[in-house]
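Here the structure comes first, spelled out in structure tokens, and everything after it is commentary.
The values are calculated or read from the model by the stated rules, or taken from the named source; none is laboratory data. None of the values given here were measured: they were computed from a predicted structure. Glycine also receives a Cβ, built like all others from the backbone with ideal geometry; neighbour counts cover every protein chain displayed. Surface areas here come from the heavy atoms of the whole protein model, side chains and all, with no ligands, DNA or RNA. Shrake-Rupley method; radii C 1.70, N 1.55, O 1.52, S 1.80 Å.
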Amino acid sequence: ALSTALFNDGAACGQCYKIACDRKLADPMFCKPGVTVTITATNLCPPNYALPSDNGGWCNPPRPHFDMAQPAWEKIGVYKGGIIPVMYQR
């Protein structure tokens, strides 16, 4: 699922994104180096305005955010790392 900033009122549905953990911004122990995963946008990650964007409101605008299935996410990150910064390309 994509955050509001990426979802673009549904126009991004079906688009593919190549995603990698951003080792410059993340704790390197939680990134898998040199690995990418390609995902297809299928849904909206709804905003939660009751929470701040840096502490639970991950899908709040204007924040770009990918809410990924665990198997896809674990190709680029270590589970214990939680939410990690990523680089992405459409």
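Spatial offset of the range 60-89 relative to the range 33-48 amounts to 7 Å, using the alpha carbon center of each.
Out of the total accessible area of the chain (probe 1.4 Å, heavy atoms of protein only), what percent is carbon and sulfur? About 54 percent, which is the carbon plus sulfur part of the accessible surface. The structure shown yields P(r) over Cα pairs in 5 Å bins from 0, in percent, and of the options (i) 2, 14, 24, 22, 12, 6, 5, 5, 5, 4, 2, 0; (ii) 3, 15, 25, 24, 21, 11, 2, 0; (iii) 3, 10, 10, 10, 9, 9, 10, 11, 12, 9, 5, 2, 0 that calculated value carries the label (ii). Scanning residues 5 or more positions from ASP22 or on other chains, those with amide H under 5 Å from its amide H are VAL86, MET87, with H placed 1.01 Å from N in the peptide plane. Spin-label pair TYR79-THR36: with each label point 7 Å from Cα along the Cα-Cβ axis, the two points sit 2.7 nm from one another. Averaged per residue, the chain has 62 square angstrom of accessible surface, using a 1.4 angstrom probe with ligands and nucleic acids left out.
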